[in-house]
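Below is one structure, written out as structure tokens; the observations come after it.
A short reminder: the numbers here are calculations on the coordinates, not readings from a lab. Everything quoted here is computed from the prediction, not taken from an experiment. All Cβ positions, glycine included, derive from the backbone under ideal geometry; neighbour counts span all protein chains shown.
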Amino acid sequence: VVAPLKAANGDHQPKKLPKGIVLGKDGKPCRSCTSFAAWAAMTKENARQNNPAGSNKTLATDMSQPSNPPSDCPPDVEALGRGTWTLLHSIAASYPESPSMSQQSDLLSFVKLFSKLYPCWVCAEDFRTYIGREVPKVESRDDFGKWLCGAHNDVNRKLGKPEFDCSRWQERWRTGWKD
Ligand code: FAD
């Protein structure tokens, strides 16, 4: 997870906080801004500090610790991101090829509101910066799909993930892959 180690109010986190943990606006660790791995490491470290005597018998627990969040737990930054990208690209896939002015206005409003409400505040902050730099293109399905693909690639680059070939966004999210 590449996320700045700072709190929502702009303060830097105290050095004691475990790596990868991002604070929310309430000053507490922000679950939807943090990966499950970092969250689990923090929980484990807290338990160790609260019960140093029990730290020798954690091996069995360690081995049984899942590497992914259980499906019925609140989402971490990755599960939230995957679900959100699925929704956003699917909105692009179902957007009209020739949208009316009202549909264009709705989509633009949605993107702007989304960028204010996204639960991972560090992600939302960077997304708002992206929108300021690259104005959302809502004139057609392909315009929006390609713009969104570019926005997703911007996050991919930040996280060190491979970039997606935006000429194939419809195959991935609308038509299925060509043979
Ligand atoms: P995802 O990146 O979630 O992608 C899901 C699928 O989309 C991929 O499997 C691939 O098939 C397809 N895909 C990949 N790239 C593209 C593309 N460019 N266009 C079309 N389809 C594509 N996480 C952080 O740790 N820090 C952040 O700052 C951060 N910011 C985010 C901002 C937003 C707006 C969103 C929605 C998510 C953000 N995330 C952030 C989450 C992050 O982008 C990933 O969702 C998460 O790391 C899980 O990644 P993944 O490898 O499962 O695939």
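A few comments on the model shown:
- Sites Ala53 and Lys25 - FRET efficiency at Förster radius 25 Å, r taken between beta-carbons, to 0.05: 0.10
- Ranked list, fewest to most other Cβ atoms within 10 Å of each Cβ, for Leu88, Leu108: Leu108, Leu88
- Exposure proxy ranking for Tyr130, Tyr95, based on other Cβ atoms within 10 angstrom of each Cβ and starting from the fewest, stands as Tyr130, Tyr95.
- Gain in span if fully extended, Arg168 to Lys112, counting 0.36 nm per residue against the direct Cα distance: 17.6 nm
- A simple spin-label model places pseudo-atoms 7 Å from Cα toward Cβ; at Ala41 and Leu87 they are separated by 2.9 nm.
- Here the simple spin-label model places points 7 Å from the Cα toward Cβ, and for Thr129 and Cys73 these points are separated by 2.9 nm.
- Residues Leu117, Leu148, sorted so that the one with the fewest Cβ neighbours within 10 Å comes first: Leu117, Leu148
- FRET efficiency estimate (nearest 0.05) - Cβ-Cβ, Asp154 to Lys178, R0 25 angstrom: 0.45
- In terms of distances greater than 29 angstrom between alpha carbons, the cross-link table entries Lys19/Lys137; Lys25/Lys158; Lys116/Lys146 yield Lys19/Lys137.
- Residue separation of Glu139 and Ser98 scaled by 0.36 nm, minus their Cα-Cα distance, works out to 14.0 nm of gained length.
- Each of the peptides 161-169, 77-85 was scored by the mean count of other Cβ atoms within 10 Å over its residues; in descending order, highest first, they stand as 77-85, 161-169.
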